[in-house]
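Visitor: For reference, the structure I am asking about is given below.
Please treat every number below as a calculation from the coordinates, not as lab data. None of the values given here were measured: they were computed from a predicted structure. Neighbour counts run over all protein chains shown; Cβ positions are idealised from the backbone, glycine included.
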Amino acid sequence: MKYAIIIFVISLVMGFHNQRKLDRLEKYEFEHRTDGGVVGFSSYKDAKRHSRKKESAVSSMSLWSVLAAMSLLAILAIWGWGKLATG
């Protein structure tokens, strides 16, 4: 059970970290948006880098969310099984 708790806590921390990373990327987009709704970058390379960072943050959040949910289910199952076994 302690491993499930450790994975759950790490998943929450990493999820919050990725959310902050995504917020910073979206803030950049907001601050550099033109009146026409286009986000301006200084070069194509910068645009690709920004796109990759954003995709990475979203994918990582999905991964950590699944791990958090699975570890929480494991914690609840172990805790419930212990309650059931002890009566």
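Visitor: With +1 assigned to the C-beta of every Lys and Arg and -1 to the C-beta of every Asp and Glu, and no other charges, what is the dipole magnitude of the chain about the Cα centre in debye, to the nearest 20? Provide the component values of the computation, followed by the final result.
Guide: Details: 13 positive and 7 negative charges, 56 e Å.
Once rounded to the nearest 20, the dipole reads 260 debye.
Visitor: Rounded if a/c is under 1.5, else prolate if a/b is larger than b/c, else oblate: which is the stretch 7-87, with a ≥ b ≥ c the root eigenvalues of its Cα gyration tensor?
Guide: prolate
Visitor: What percent do you get for the relative contact order of the chain when only Cα pairs under 8 Å and 6+ apart count?
Guide: Answer for the chain is 53 percent.
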